[in-house]
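Participant: The structure is given below, and queries will be raised subsequently.
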RNA sequence: GGGGGCUUAGCUCAGCUGGUUCAGAGCAUCUGCCUUACAAGCAGAGGGUCAUAGGUUCGAAUCCUAUAGCCCCCACCA
């Protein structure tokens with residue numbers, strides 16, 4: 001067998017992905033094993049793969065692969081969200097390009113276009129995820145408008161209506177004039193804005209006096225129905241009850257009073273426009289005022305405005321300002337800072353608008369969902385989001401669930417011409433219910449009209465954990481009973497309210513059990529300058545390009561290595577490069593190790609090195625497995641990966657392989673070789689969830705494998721026995737000694753090629769004898785001797801209580817040697833003093849834990865021994 | 001306006017219930033090496049009064065209080 005010199009990701013990735021699929025390793029069905037389930041947050045059908053997805057799905061894949069290797073029945077369910085408003089906007093725009101206006105289409109015609117679009121573009125994103133190595137059970141791919149899913153949503157609507165949670169009402173909603181639909185509070189993004197505050201005179205009906213009003217929205221003046229002041233405001237007290245003339249339209253309106261008015265703000269007098277402001281609407285209700293909606297649904301001035309009819313709201317603002325000026329009622333303009341709400345989807349300015357919508361009352365439903373998180377039944381990583389969650393759930397408001405769109409689950413409500421309605425699962429049931437309602441058996445479907453609106457996308461997404469497993473329609477089916485609750489939800493904190501909170505809510509309502517045990521919140525992916533990645537900035541690299549350039553394993557490494565849970569990830573291509581370097585390193589280590597057998601270098605039965613390196617690395621590995629396991633338990637994946645990285649690069653390659661690597665033609669022995677292959681196998685398995693392709697490749701090349709022996713299903717290395725600290729401690733003395741010699745070479749400019757002698761002064765000669773062949777090889781030493789006294793004409797260094805002398809021809813300054821020793825002595829003495837102080841402190845003795853106390857005792861002993869050694873050396877030097 | 005978080009080497013970050021093996025890692029920098037696995041590499045090195053000021057303590061990066069700066073979330077101030 002010939003091992004290629006370089007690792008070629010692309011062909012190898014395609015090869016193994018195909019084989020994994022072929023072997024069905026991603027598939028899962030209920031059996032006697034413990035399940036481990038992850039439900040993929042379904043990307044929008046309109047979505048394009050970006051770095052955020054890469055991070056998110058890499059994390060999910062790491063978790064799934066780990067648990068699969070640990071023997072659980074791992075199931076990762078992928079899917080796509082129909083993304084009602086986002087998709088509809090896209091389809092409308094596309095049709096517009098083709099010269100088709102949505103308004104000219106029937107509902108069915110439009111939906112046909114939408115489905116066509118979905119079938120063409122939807123799911124591209126999932127195919128792209130395959131390139132990344134995602135090990136989803138693709139047979140389970142679910143779309144939120146699949147037949148069964150659709151029915152589940154309708155069923156839940158019916159159920160919540162029957163239970164009295166869902167109701168229809170006229171309320172102030174957030175209106176998106178571009179999409180011409182209501183949106184929920186969560187879909188409104190508030191941004192700071194510089195606005196103009198207009199001060200306007202409202203003249204009293206009788207007399208020359210006026211009251212001045214401050215407003216940022218003069219175009220809504222035609223909707224004014226009153227002026228409101230604080231009853232305690234001395235300036236206006238005498239005017240309450242009088243009437244003023246509204247500018248522009250010259251209507252007479254009353255001056256009323258309410259304690260809610262802020263005397264300090266603006267002029268202290270508020271123009272009341274119930275149709276266009278939440279607060280004003282409340283005032284309007286309280287004082288029974290008229291509602292005049294001055295806008296049309298697309299944000300133009302309406303007939304009711306009576307002025308600037310048909311003009312866009314922003315144009316109208318300017319026109320209104322101009323006219324106020326020409327009427328002589330504009331007092332002044334002032335620049336102010338305020339918040340303006342934008343639609344999350346269309347980015348148009350949200351208009352508070354009074355309209356009739358469907359709402360879901362969340363207060364009662366939220367109670368158990370709040371409790372589940374506060375009690376850690378659902379555990380948040382990081383925990384800081386618990387507070388955010390609690391605050392929202394404690395102040396939860398009714399959820400506006402209807403949207404004036406066509407793409408989505410159509411609201412299952414059927415109306416009579418008189419406005420009466422029935423809520424039903426389908427037309428047949430609607431008709432039956434209707435007949436009962438009006439006691440008329442001759443009623444036909446044509447007497448009924450279904451609600452035109454669809455449901456908020458999130459009203460379907462919130463059922464994801466249940467509906468994907470058909471748990472709504474068949475609550476007792478085998479699948480949902482087996483897989484629910486899922487284990488970990490991996491998502492961004494930006495949708496904690498939209499989605500996470502609501503899934504917990506619906507899960508507890510419909511399964512009486514939380515939908516997932518853990519929620520892992522990822523951070524936002526930013527560029528290396530800390531800017532959020534966005535299309536506009538063009539700072540988001542194309543994932544597929546990155547994979548092409550570095551390989552999927554390297555990209556996975558890059559996004560994982562610096563992304564602790566909940567913290568933003570500052571992504572830099574360099575991280576992928578580091579990943580690629582790592583892959584290359586592993587590949588070359590593999591070539592070295594495997595080469596020994598393939599090139600016939602295995603010449604001996606037993607180890608020249610007394611198996612010391614094997615003993616050392618096996619303990620190093622034990623130690624690392626515990627560390628890595630702890631990190632994974634806490635979802636510290638980047639830390640875990642870093643640990644594996646160091647274990648492989650530093651400990652395995654730089655140290656272990658260098659130790660056992662045969663110099664000259666001395667050859668390798670069978671025992672060490674076998675041990676090394678076994679180590680390599682464990683390392684590769686350990687790394688597999690993070691870098692699946694490279695590891696699968698090496699897995700198959702390390703040994704002959706049977707047909708079903710794949711790394712993807714190999715047992716994950718478990719932390720079992722603890723590492724032997726004594727062995728690790730002794731070995732580190734050896735390694736430090738080698739480093740010490742190398743250091744002397746460096747600072748004295750001695751080539752690594754020039755062999756040196758080494759004198760060791762130690763009370764543990766045995767140890768150094770055992771390691772002698774390794775020390776001589778790694779530090780390029782000709783001969784090691786043991787001494788009892790100072791060696792002159794040599795550079796020295798100390799490790800713990802051992803002193804090492806390297807005789808060199810380069811000039812040695814005794815003074816420098818003396819200073820070195822005396823500095824170390826001072827430091828050690830100081831160190832001992834602090835230890836002694838602690839041990840002399842009764843409160844410390846009383847309060848410290850026994851292990852802390854033991855450590856201090858050990859420190860004391862070590863320091864004392866070292867001081868004796870240093871003092872002795874120093875004395876000899878001065879003689 | 002309310003709430004939460006952050007401030008540790010040039011950069012990105014680890015540092016749990018306070019105890020000189022905690023002052024760390026990776027990247028970057030510097031020095032020397034094309035040593036037959038790897039220059040996508042090897043061997044070394046330098047670099048931080050742990051934001052500031054107090055306090056608690058025998059002892060604080062770690063706990064408390066203020067201050068400054070940055071970030072996020074929530075909120076109907078016209």
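The numbers here are math on the coordinates, done by the rules we state, and not lab data. Fair warning: this is a prediction, and the values are worked out from it, not measured in the lab. Backbone-built Cβ (ideal geometry, glycine too); neighbour counts: all protein chains shown.
Participant: R0 = 51 Å: FRET efficiency of residue A:264 with residue A:427, Cβ-based, nearest 0.05?
Facilitator: 0.30
Participant: How high is the relative contact order of chain A, in percent, with contacts defined as C-alpha pairs under 8 Å that are six or more residues apart?
Facilitator: 12 percent
Participant: What does a probe at residue A:334 reach in the stretch A:254-272, counting residues whose amide N is under 11 Å from the point 7 Å along Cα→Cβ?
Facilitator: A:264-269
Participant: Shifting gears a bit: Take residue A:232, project a point 7 Å from its Cα along the Cβ direction, then tell me which residues of the stretch A:258-302 have their backbone nitrogen under 18 Å from it.
Facilitator: Flagged as within label range: A:258-270.
Participant: Between the stretch A:655-685 and the stretch A:162-218, how many Å separate their Cα centres?
Facilitator: 74 Å
Participant: Take every Cα-Cα pair in the stretch A:247-326 and report what % of them are more than 21 Å apart.
Facilitator: It works out to 37 percent of all Cα pairs.
Participant: Follow-up. Just need the relative contact order of the stretch A:403-547 here, percent rounded to a whole number, with Cα pairs under 8 Å and 6+ apart.
Facilitator: It comes to 19 percent, rounded to a whole number.
Participant: Over all distinct alpha-carbon pairs, what is the Kirkwood Rh of chain A in angstrom?
Facilitator: With all distinct Cα pairs of chain A included, I get 33.5 Å.
Participant: Taking 0.36 nm per residue of separation and subtracting the Cα-Cα distance, what length does fully extending residue A:124 through residue A:418 add?
Facilitator: So the extension gain works out to 101.2 nm.
Participant: Computed FRET efficiency, Cβ-Cβ of residue A:167 and residue A:713, R0 56 Å: what is it to the nearest 0.05? Show your work: numbers first, answer last.
Facilitator: On the way: r = 52 Å, r/R0 = 0.92.
Using R0 = 56 Å, I get an efficiency of 0.60.
Participant: Follow-up. Once you have the Cα-Cα distance between residue A:102 and residue A:800, take 0.36 nm times their residue separation minus that, and quote the gain in nm to one decimal.
Facilitator: Numbers: separation 698, 0.36 × 698 = 251.28 nm, distance 8.12 nm.
Separation in residues times 0.36 nm, less the Cα-Cα distance, equals 243.2 nm.
Participant: How long are the three semi-axes of the equivalent ellipsoid of the stretch A:497-569, in whole Å, if each is the root of 5 times an eigenvalue of the C-alpha gyration tensor, listed from largest down?
Facilitator: Equivalent ellipsoid semi-axes, largest first: 33, 15, 12 Å.
Participant: Residues in the stretch A:490-528, backbone N under 16 Å from the label point at residue A:374 (7 Å along the Cα-to-beta-carbon vector): list them, ranges by number please.
Facilitator: A:505
Participant: Can you tell me the 0 to 90 degree angle between the C-alpha axis of helix A:850-878 and the longest principal axis of chain A, rounded to 10?
Facilitator: 50 degrees
Participant: Okay, next question. 222 nm [θ] for chain A, helices only, -39500 (n - 2.57) per DSSP H run of 4+, per residue, to 500?
Facilitator: Mean residue ellipticity, 222 nm, calculated: -13500 deg cm²/dmol.
Participant: Which angle between 0 and 90 degrees, to the nearest 10, do you get for helix A:612-633 versus the longest principal axis of chain A when only C-alpha atoms count?
Facilitator: The angle comes out near 10 degrees.
Participant: For A:104, A:293, which order do you get if you count the other beta carbons within 10 Å of each Cβ and list the fewest first? Could the numbers behind the result be given before it?
Facilitator: Values: A:104 9, A:293 18.
Lowest to highest Cβ neighbour count: A:104, A:293.
Participant: Stretch residue A:588-residue A:22 to full length: gain in nm at 0.36 nm per residue minus the Cα-Cα span? Intermediate values should be presented prior to the final figure.
Facilitator: Working: separation 566, 0.36 × 566 = 203.76 nm, distance 2.91 nm.
Roughly 200.9 nm would be gained on extension.
Participant: Here's another thing I want to ask about it. Taking the Cα atoms of the stretch A:640-720, report the difference between the largest and smallest coordinate on each principal axis, in whole Å and largest first.
Facilitator: Cα extents, longest axis first: 38, 31, 26 Å.
Participant: Please arrange A:3, A:734 by how many other C-beta atoms lie within 10 Å of their C-beta, fewest to most.
Facilitator: Values: A:3 14, A:734 22.
Neighbour counts put them in this order, fewest first: A:3, A:734.
Participant: Considering all projection directions equally, how large on average is the shadow of the alpha-carbon convex hull of the stretch A:510-668, in square nanometres?
Facilitator: 14.6 nm²
Participant: Over the stretch A:772-811, what is the relative contact order in whole percent, taking alpha-carbon pairs under 8 Å and six or more residues apart? Can you show the working numbers first?
Facilitator: Working: 26 pairs, mean separation 10.4, N = 40.
Contact order relative to length: 26 percent.
Participant: Along Cα→Cβ, 7 Å out, is where each label goes; now give me the distance between the ones at residue A:481 and residue A:840 in nm to one decimal.
Facilitator: 7.2 nm
Participant: Tilt of helix A:637-646 relative to the longest C-alpha principal axis of chain A, in degrees (0 to 90, nearest 10)?
Facilitator: Relative to chain A, helix A:637-646 is tipped by roughly 20 degrees.
Participant: Given the peptides A:429-440, A:668-679, arrange them by the average over their residues of other C-beta atoms within 10 Å, most packed first. Please list the in-between numbers first.
Facilitator: Details: A:429-440: 14.8, A:668-679: 18.3.
The packing order, highest mean first, is A:668-679, A:429-440.
Participant: Just the Kirkwood number for the stretch A:119-201, please: inverse of mean 1/r across all distinct Cα pairs, in Å, one decimal.
Facilitator: Hydrodynamic radius (Kirkwood, Cα pairs) of the stretch A:119-201 is 18.3 Å.
Participant: Still on this structure: How do A:76, A:414, A:649 rank when sorted from fewest to most other Cβ atoms within 10 Å of their own Cβ? List each step's numbers first, then the result.
Facilitator: Numbers: A:76 26, A:414 23, A:649 16.
In increasing order of surrounding Cβ atoms, one gets A:649, A:414, A:76.
Participant: Sticking with this structure for a sec: Given axes a ≥ b ≥ c from the Cα gyration tensor, I'd like to know whether the stretch A:1-66 is rounded (a/c under 1.5), prolate (a/b larger than b/c) or oblate.
Facilitator: Numbers: a/c = 2.32, a/b = 1.26, b/c = 1.84.
Note, shape of the stretch A:1-66 comes out oblate.
Participant: Now for a separate question. Any idea how far the Cα center of the stretch A:773-809 sits from the one of the stretch A:231-301, in Å?
Facilitator: 92 Å
Participant: Quickly work out the residue A:437-to-residue A:288 label distance, labels modelled 7 Å from Cα along the C-beta direction, and quote it in nm with one decimal.
Facilitator: According to this spin-label approximation, the distance is 3.1 nm.
Participant: Kindly state, to the nearest 0.05, the FRET efficiency for residue A:513 paired with residue A:722, given R0 = 35 Å and r defined as their beta-carbon distance.
Facilitator: On the way: r = 37 Å, r/R0 = 1.07.
Efficiency, from the Cβ-Cβ distance: 0.40.
Participant: While we're on this one: Using a 7 Å offset from the Cα along the Cα-to-Cβ direction at both residue A:763 and residue A:34, what is the distance between the two label points in nm, to one decimal?
Facilitator: The modelled label-to-label distance comes out at 4.8 nm.
Participant: Something else now. Take the alpha carbon atoms of the stretch A:287-349, find their radius of gyration, then divide it by 2.2 N^0.38 Å using N residues; give the quotient.
Facilitator: So the stretch A:287-349 has a normalised radius of gyration of 1.35.
Participant: Another question, then. Gap in Å between the Cα centre of the stretch A:330-354 and the Cα centre of the stretch A:372-428?
Facilitator: Here the answer is 27 Å between Cα centres.
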